[in-house]
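Everything below concerns the one structure shown next.
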Amino acid sequence: MNLSITGKQLELTNPIKEYIEEAAESLSKYNLDIISVKVIVAADEKNAKRGFNVDFIINLAKKETIVIKQKDKDLYAAVDLAVERAKKVLRRTHDKITTGKKSIDENEKAENIVLDADEIVPMELELYKPLEIEEALQKLKDSGMQFYVFNDLDAKMRVIYKRSDNKFGLY
């Protein structure tokens, strides 16, 4: 990980640089491929108030750049707050990567759990040719199912179903 620390309108002393270096090193614990971290520390003297702006620019491999901007009256507090925010973003990124990529076996196990718990059986729909409504009604009566999905002659997907009063409905 490359680290660069820049001071704007501020002279960076060795204790400040060491503090920022330690803070930036703590970001490597998330096992993300961090290419570089650029820290920009600027003194802010607007409205006669002295404060500090700290920007962390984190470049990750194969990901977008993460930019954290923090402002505080105390330089060390601004660095701490920026690092905590960066850790939160990196933790979320790490969690997305680790939970998003499952192996094929894990996907099959998860799929089997869902199928066993909910008893969902995938079926292939027979939508080969458009049917007249009377044909679909006859297929529904012959099959003993509760509903039948089909495409009508106008290429609209339709559903014909049995109602509780033994009549038929059509969507």
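Points to keep in mind about this one:
- Criterion violated by K29 - all others in (1) under 34 Å from the mean Cα position of the chain (by Cα); (2) in a strand (DSSP E or B) satisfied: (2)
- Answer residue from segment 136-171, given it is of a type in the set (D, E, K, R) and assigned to a loop (DSSP other than H, G, I, E, B) and is surrounded by the most Cβ atoms within 10 Å (Cβ to Cβ) among those: D152
- Residue among E64, E108, E124, E119 that alone is at pLDDT below 80 and closer than 29 Å to D44 by Cβ: E64
- Test: residue in segment 23-43 that is under 17 Å from I5 (Cβ atoms), surrounded by fewer than 16 Cβ atoms within 10 Å (Cβ to Cβ), out of contact with any strand residue (DSSP E or B) (no Cβ under 9 Å at 6 or more places or on another chain) and touching a residue at least 60 places away in the same chain (Cβ under 8 Å): yes
- Taking every residue in segment 151-168 that is in contact (Cβ under 8 Å) with a residue 12 or more places away in the chain and pairing it with any residue that is exposed (fewer than 11 other Cβ atoms within 10 Å of the Cβ) and outside any strand (DSSP E or B), at least 6 positions away or on another chain, the pairs with Cβ-Cβ distances below 8 Å are N151/K129; R158/Y171; V159/Y171; I160/Y171; Y161/Q146; Y161/Y171; K162/Q146.
- Answer from R163, R91, R85 - the residue that is at pLDDT 90 or above and either among the basic types (K, R) or in the same structural domain as E21 (by TED's automatic domain parsing) (or both): R85
- Only one of K46, K38 that is touching a Ser or Thr at 6+ places or on another chain (Cβ under 6 Å) and not β-branched (V, I, T): K38
- Subset tally (residues that are more than 16 Å from the chain's Cα centre (by Cα), over 19 Å from T13 (Cα atoms) and surrounded by fewer than 12 Cβ atoms within 10 Å (Cβ to Cβ)) for segment 66-100: 0
The values are calculated or read from the model by the stated rules, or taken from the named source; none is laboratory data. All values derive from a computational prediction rather than experimental measurement. Positions of Cβ are generated from backbone atoms using ideal geometry, with glycine treated the same way; all protein chains shown enter the neighbour counts.
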